[in-house]
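All remarks here apply to the structure that follows.
The values are calculated or read from the model by the stated rules, or taken from the named source; none is laboratory data. Predicted model only: the values in this text are computed from it and were never measured. Glycine gets a Cβ as well: all are built from the backbone with ideal geometry, and neighbour counts include every protein chain shown. Just the protein is used for accessible areas: all its heavy atoms, side chains included, with ligands, DNA and RNA removed. Shrake-Rupley method; radii C 1.70, N 1.55, O 1.52, S 1.80 Å.
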Amino acid sequence: MTRRKYVVGNWKMNGLSEAIGEAQAIFAAAGEYPAVDVAICPPFTLIGAMAAAAAGRTVGGQDCHSAASGAFTGSVAAPMLADIGASLVIVGHSERREGFGESDADVCAKAEAGLAAGLSVILCVGEPRDVRESGGAIDFVLAQIAGSVPGEFDPARLAIAYEPIWAIGTGLVPTVGDVAAIHGAIRGALAARFGGKAEDMRILYGGSVNGENAAELLDAGDVDGALVGGASLTAAKFVPIIAAAADL
Ligand code: PEP
């Protein structure tokens, strides 16, 4: 099967109500590129309003709890995301793994919770700088894949995002060859475990993607799209990335 390009904005902890207009501008422009699946993952507080303002568009959460409900003060469950109009959730972002101590097992449980709630899931992996410099990036990422990808899933609803931690928000990006090598290794590991399903799974690259570098990064082998942080906050910066995906 041909994997559709997938460009997803991760707004992180940015955006008040007035940002809904920017999301509407992004989704309106994305309509010009029907070959690309476009999603925005705003803070929890904006999901309901954004989903209502952009009917039919994909709006997602940036995290969810692994339990469906319970005594977890401050947390948001996957069915709650679905209930307010989200159809996607990001799990295992490095800012959650590092900042909130999430293990591979935690990330796996969150992915399972998202899938069980009917959401699509983007599961993030990626190595820190010292691991990259010591030549261990592929082994590190494949261990994260082994530990955090659930055993059962519909490949249309589970995507992987490879996001080297040292590239996030820094302006640094791996070489196209390094991106292709690690994406190929991820697909190979998925194929070894899940067989033909791996061909249907999308593997996104994330880390300092912008309008200038998107075309070459998205053209690398086994790259099916991008997870974009800073450059997804405005239509002016995000739409050129969507356009670059559409050109491939
Ligand atoms: C991210 O945090 O998912 C990300 C890719 O951020 P940025 O594009 O800002 O590097």
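Below, the figures for the structure above:
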{"read-out": "Selection count where residues are assigned to a loop (DSSP other than H, G, I, E, B) and buried (at least 23 other Cβ atoms within 10 Å of the Cβ), scope the stretch 63-108", "value": "4"}
{"read-out": "Residue that is in contact (Cβ under 8 Å) with a residue 60 or more places away in the chain and open to solvent by 30 Å² or more (accessible area, probe 1.4 Å), where the choices are Gly196, Gly230", "value": "Gly230"}
{"read-out": "Residue check, Ala29 under 23 Å from Gly206 (Cβ atoms), under 18 Å from the mean Cα position of the chain (by Cα), small (Gly, Ala, Ser) and modelled with pLDDT of 95 or more", "value": "no"}
{"read-out": "Residues of the stretch 32-67 that turn out to be over 16 Å from Gly114 (Cα atoms) and over 20 Å from the mean Cα position of the chain (by Cα), as a count", "value": "5"}
{"read-out": "Those residues of the stretch 1-26 which are within 22 Å of Ile203 (Cβ to Cβ), touching a helix residue (DSSP H, G or I) at 6+ places or on another chain (Cβ under 9 Å) and among the charged types (D, E, K, R), in sequence order", "value": "Arg3, Lys5, Lys12"}
{"read-out": "Qualifying residue in the stretch 192-208 (condition: within 13 Å of the ligand (Cβ to nearest atom), outside any helix (DSSP H, G or I) and charged (D, E, K, R))", "value": "no"}
{"read-out": "So Ala111, is it open to solvent by less than 70 Å² (accessible area, probe 1.4 Å) and either within 26 Å of Thr234 (Cβ to Cβ) or among the acidic types (Asp, Glu) (or both)", "value": "no"}
